1. Residues in the range 182-201: is at least one over 22 Å from the mean Cα position of the chain (by Cα) and among the basic types (K, R)?
2. Checking R300 against (1) of a type outside the set (G, A, S); (2) within 19 Å of V86 (Cβ to Cβ); (3) within 16 Å of the ligand (Cβ to nearest atom): exactly one of these is not met. Which one?
3. Based on this model, can you work out whether G219 counts as assigned to a loop (DSSP other than H, G, I, E, B) and within 16 Å of the ligand (Cβ to nearest atom)?
4. So L173 clears everything in (1) surrounded by fewer than 21 Cβ atoms within 10 Å (Cβ to Cβ); (2) near the ligand (Cβ under 9 Å from one of its atoms) except one condition, right? Which one?
5. Out of A195, A185, I need the residue that is more than 7 Å from the ligand (Cβ to nearest atom) and open to solvent by less than 20 Å² (accessible area, probe 1.4 Å). Which one?
6. What tally of residues in the range 141-156 results from selecting those that are touching a helix residue (DSSP H, G or I) at 6+ places or on another chain (Cβ under 9 Å) and open to solvent by 30 Å² or more (accessible area, probe 1.4 Å)?
7. Looking for something exposed (fewer than 14 other Cβ atoms within 10 Å of the Cβ) and either touching a helix residue (DSSP H, G or I) at 6+ places or on another chain (Cβ under 6 Å) or assigned to a loop (DSSP other than H, G, I, E, B) (or both) - is there at least one such residue anywhere in the range 39-53?
Amino acid sequence: MATFKAIRIDKADKGTTAALTQFDEAELMDGDVTVAVEWSTVNYKDGLAIAGKAPVVRRFPMIAGIDFAGTVTQSSHPDWKAGDKVVANGWGMGETHLGAYAEKARVPGDWLVRLPANMSARDAMAIGTAGYTAMLSVLALERHGLTPDDGPVVVTGAAGGVGSVAIALLAKLGYQVIASTGRAAEADYLRGLGATEIIDRNELSGPAKPLAKERWAGGIDSVGSTTLANLLSMTKYRGAIAACGLAGGMDLPSSVAPFILRGVCLLGIDSVMCPIALRRTAWERLASDLDRGKLAEITREISLDEVLAKAPEILSGKVRGRIVVKIA
Ligand code: NDP
């Protein structure tokens, strides 16, 4: 029996269990491409899946992990051959399809994006789904027509994974970036990424007025709830906020005032089922627009064996920047 190392999630009497174990290759799910996974990462959703805190996993047994970078070993898909370097995010991996915390993955070839020529598999996963989501948010703001001349942009959950990459991207693109964080001690870290102003997240966490003083032309929000409501109420006339996260809650206690009185737009960002063409654009833009030196500064490396202990930490907001996981 051929096996490979993986983090397996099983259903238990109460909730779920997660363990590093040998997984039977015969249990791999359908797919026309097999990949030797080299790197993965720890995202907020991975923390939820491993801690069993939210119904992320919907098929058992499951291999956790929502994204990977690696090398194709076998393919019957016309676009891929053995030796190709690929990256995959979402599509239900780690939720309904066996995921990334494993030495081997089998997936439909249509899910894969070619690793940009000047990007290593490790860098791709240092970026990970968090960074790719930050890029999708930047692309949405650009589609809206936002430019650095329109005024400052705000990033919430600033010291987290999405927030850190969003700040680095926006600063490199010439935006004046206001970073909202609950961790005052990370002010130097956020300035190092390119933030020009740091605000305490408590300023944005109380109940939102329908409209408040206009402070920013755009923003990227990974927090949700009252924070997103405050962002909207403080957005300048015809500005836009890209909403991608719920670290502070899933609700949105807002009003229509920002939309109908200031023409503000709320741009929804989903990375999981994002169309393949937009994924390719996002990865190409990450390759050209993200400062790799800054990426290295925000990234820590752990082994697959360390994921079980590290993943739940992300749920308590203790993780700064990005964690990359060495699989092979
Ligand atoms: P992280 O945990 O790395 O970052 C989240 C940050 O949010 C924290 O670092 C903290 O930043 C802030 N935060 C945490 N808890 C609270 C709270 N109760 N109130 C206010 N702020 C809080 O997670 P990620 O960056 O990986 O993900 C961020 C969010 O984006 C998650 O909700 C995740 O599910 C979502 N996401 C969505 C995707 C999509 O497809 N739409 C894809 C990827 C992620 P600080 O300490 O600076 O205040």
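1. So far as the range 182-201 goes, no, none of its residues is over 22 Å from the mean Cα position of the chain (by Cα) and among the basic types (K, R).
2. (2) is the only condition that R300 fails.
3. Working: assigned to a loop (DSSP other than H, G, I, E, B): no; within 16 Å of the ligand (Cβ to nearest atom): yes.
Spelling it out, it is not the case that G219 is assigned to a loop (DSSP other than H, G, I, E, B) and within 16 Å of the ligand (Cβ to nearest atom).
4. Going through (1) surrounded by fewer than 21 Cβ atoms within 10 Å (Cβ to Cβ); (2) near the ligand (Cβ under 9 Å from one of its atoms) one by one, L173 breaks only (2).
5. On the way: A185 fails: open to solvent by less than 20 Å² (accessible area, probe 1.4 Å).
When all the criteria are applied, what remains is A195.
6. Count: 1.
7. We begin by selecting, within the range 39-53, every residue exposed (fewer than 14 other Cβ atoms within 10 Å of the Cβ); these are 53.
This time we only want the ones that are either touching a helix residue (DSSP H, G or I) at 6+ places or on another chain (Cβ under 6 Å) or assigned to a loop (DSSP other than H, G, I, E, B) (or both), so: 53.
The answer is yes; a qualifying residue exists.
Per-residue answers, yes or no, for (1) farther than 30 Å from A69 by Cβ; (2) in contact with a His (Cβ under 9 Å, 6 or more places away or on another chain); (3) open to solvent by 20 Å² or more (accessible area, probe 1.4 Å); (4) modelled with pLDDT of 95 or more:
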| position | (1), (2), (3), (4) |
| --- | --- |
| T226 | yes, no, yes, yes |
| A247 | no, no, yes, no |
| A287 | no, no, no, yes |
| E313 | no, no, yes, no |
| S316 | no, no, yes, no |
| V325 | no, no, no, yes |
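The values are calculated or read from the model by the stated rules, or taken from the named source; none is laboratory data. Just so you know, these numbers come straight off a predicted model, no measurement behind them. Note that we place each Cβ from the backbone using ideal geometry, even for glycine, and neighbour counts take in every protein chain shown. These area figures cover heavy atoms from the full protein model, side chains too; ligands, DNA and RNA do not enter into them. Shrake-Rupley method; radii C 1.70, N 1.55, O 1.52, S 1.80 Å.
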